[in-house]
């Protein structure tokens, strides 16, 4: 057994599951289901994690609401989870709830309260670009950062048993202190709060992606130490996840299987000719030449025996990160990026027609395994009953 394996057999959203091209048949033998609301749901990474955790525990999923203002991503979500239009909301969260925590409910909020009472799990991944270190313009003081508080308002209104909020690790530095505010208000509502920055590379995914996770449990508690059994002794190499996809683009058509075309082929050729992983300044564009900057991974080549860097929507361009395939003179494909994010092969992206949309929804998704581990732990500890 390779020394990167975890100490306890990992059978939740593991590599075998990720490589499944056919969705596992789920025929629950018990009459039990958990109700779900997914805010800023994107294409469904968080819900996929919940779905798999519940499937492993022989529990059905009942998706009450999936909300996102990105119609293309929402279409992928709806298709994969086989939802009718009543459970789908292609809208801005501000149309449903305010961010005025503690204030009297307005008419729409009263309707929401009646509609989604007795909710089991609420998950949310409010837009993170305003908190990201890659945002050089409005970082820490971006209007989108307050969308985090819309989520807290939604929780205040419907009072789910469990709420899980995901964001970039730098959200804790927000100028308006949205994380501190949310903890304060949620505790007043009776929630026990646990927050932690998780690096998914520690849990068997081949990507150094750090995310801030806040778990709120009503009248009970959760501890991140319960995820210890999922930790790996060493990081998993990228090769394990994409070695069977090296030349897939030659036999399969469509934007999911093929890499973006590039104007940087000369730079890619240079990396391979000289067996380099970082492009020297002499080969970089003028804006990156001979300057002190933190963009060393840009125009870089991925390592076959190491995890990938964080997958962003720019994975189709070598100028936006280290996204050149380790063994082939091309950028990684959307299928490879989805694998790195932890999406199973049975998850269907075929209805997406625009490459930009596809790249955005894959990169912005929450790796399903993060949420699967947390929900599985909550079930096993009888916090979710």
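The values are calculated or read from the model by the stated rules, or taken from the named source; none is laboratory data. Treat the numbers as computed from the prediction; the structure is a model and nothing was measured. Don't worry about glycine lacking a Cβ; one is built from the backbone with ideal geometry, like all the others, and counts go over all protein chains shown.
All conditions in (1) under 15 Å from the mean Cα position of the chain (by Cα); (2) at pLDDT below 95 hold for residue 46, with the sole exception of (2). The residue that is farthest from the chain's Cα centre (by Cα), counting only those in the range 78-96 that are more than 30 Å from residue 30 (Cβ to Cβ) and part of a helix (DSSP H, G or I), is 95.
Listed here are the residues, each with its yes/no results for (1) modelled with pLDDT under 95; (2) under 18 Å from residue 244 (Cα atoms); (3) surrounded by fewer than 18 Cβ atoms within 10 Å (Cβ to Cβ); (4) more than 18 Å from the chain's Cα centre (by Cα).
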position	(1), (2), (3), (4)
298	yes, no, no, yes
301	no, no, no, yes
310	no, no, no, no
322	no, no, no, yes
331	no, yes, no, yes
335	no, yes, no, no
349	no, no, no, no
362	no, no, no, no
372	no, no, no, no
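Scanning the range 67-77 for residues that are buried (at least 16 other Cβ atoms within 10 Å of the Cβ) and either assigned to a loop (DSSP other than H, G, I, E, B) or touching a helix residue (DSSP H, G or I) at 6+ places or on another chain (Cβ under 8 Å) (or both) turns up 67, 68, 70, 72, 73, 76, 77. Scanning the range 318-347 for residues that are in contact with a strand residue (DSSP E or B) (Cβ under 7 Å, 6 or more places away or on another chain) and free of Cβ contacts under 8 Å to residues at least 24 places away in the same chain turns up just one, 323. Every test in (1) modelled with pLDDT under 95; (2) out of contact with any strand residue (DSSP E or B) (no Cβ under 9 Å at 6 or more places or on another chain); (3) more than 26 Å from residue 343 (Cα to Cα) is passed by residue 156 save one, and that test is (1). If you go through the range 97-117 and pick out every residue that is part of a loop (DSSP other than H, G, I, E, B) and under 18 Å from residue 147 (Cβ atoms), you end up with 8. Per the conditions (1) under 30 Å from residue 19 (Cα atoms); (2) in a loop (DSSP other than H, G, I, E, B); (3) in contact with a strand residue (DSSP E or B) (Cβ under 9 Å, 6 or more places away or on another chain), the sole criterion not satisfied by residue 279 is (1). Among the residues of the range 85-96, is any assigned by TED's automatic domain parsing to the domain that holds residue 165, over 18 Å from residue 126 (Cα atoms) and surrounded by fewer than 18 Cβ atoms within 10 Å (Cβ to Cβ)? Yes, that holds for at least one residue.
Are any of the residues in the range 371-381 assigned to a loop (DSSP other than H, G, I, E, B) and farther than 21 Å from residue 237 by Cα? Within the range 371-381, one or more residues are assigned to a loop (DSSP other than H, G, I, E, B) and farther than 21 Å from residue 237 by Cα.
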